[in-house]
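Novice: This is the structure I have questions about; it appears just below.
The values are calculated or read from the model by the stated rules, or taken from the named source; none is laboratory data. These figures come from a predicted structure and were not determined experimentally. Every residue, glycine as well, gets a Cβ built from its backbone with ideal geometry; the counts of neighbours run over all protein chains shown. The protein model used for the area step is the full one, side chains on, heavy atoms only, and it has no ligands, DNA or RNA in it. Shrake-Rupley method; radii C 1.70, N 1.55, O 1.52, S 1.80 Å.
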Amino acid sequence: AEMAARLSENRLVSLPLSRIRVIMKSSPEVSSINQDALFLTAKATELFVQYLASYSYKHGRGKEKNALTYTDLSHTAEECETFQFLADILPKKILASKYLKMLEKEKQDGEVGEDDEEDEEDEDETVG
């Protein structure tokens, strides 16, 4: 009966529970993981990713091409207060040449700053 319940639970989430368990156990505070907690964490993560993707698609420029792009995701992380905690994980792509200029400026000034953002859409030689 317990095995049947787990199988039906697994169909309710598309993320692999074994991977979620590994991630949860990587925290030093976690010693054991209740099966319900594992399922709820997986489902909440799945819903969060769906929300991030749909929000980014609706508010991004990728919808013109009928596609969700990395630029859409990074723009959402930068512009939407709800997702700003992801800004370090989804940094905006910049040209390698612009990055090298920023590094050079950092050496001179001792501080990194972003000047203009005109080259943002060139994806040929991007970093990030």
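Novice: Over segment 14-55, what percent of the accessible surface lies on carbon and sulfur atoms, probe 1.4 Å?
Specialist: Carbon plus sulfur share of accessible area: 62 percent.
Novice: Something else now. In the structure shown, do any of K25/K105; K58/K93; K43/K98 have a Cα-Cα gap over 31 Å, and if so which?
Specialist: With Cα atoms farther than 31 Å apart: K25/K105; K43/K98.
Novice: Show me 27-40, 93-106 ranked by packing, highest mean number of other Cβ atoms within 10 Å first.
Specialist: By packing density, highest mean first, the sequence is 93-106, 27-40.
Novice: Measure off 7 Å from each Cα along the Cα-to-Cβ vector at Y51 and S27, then give the distance between these two points in nanometres to one decimal.
Specialist: Here the answer is 1.7 nm between the modelled labels.
Novice: Could you rank the peptides 71-80, 46-55 by their average count of other C-beta atoms within 10 Å per residue, with the highest value first?
Specialist: Per-residue mean Cβ counts within 10 Å order the peptides as 71-80, 46-55.
Novice: Next question. Could you do me a favour and compute the accessible area per residue for segment 15-108, 1.4 Å probe, result in Å²?
Specialist: That works out to 68 Å² per residue.
Novice: Between beta-carbons, use under 11 Å as the cut-off and find the net charge around I33, counting Lys and Arg +1, Asp and Glu -1.
Specialist: That works out to +1.
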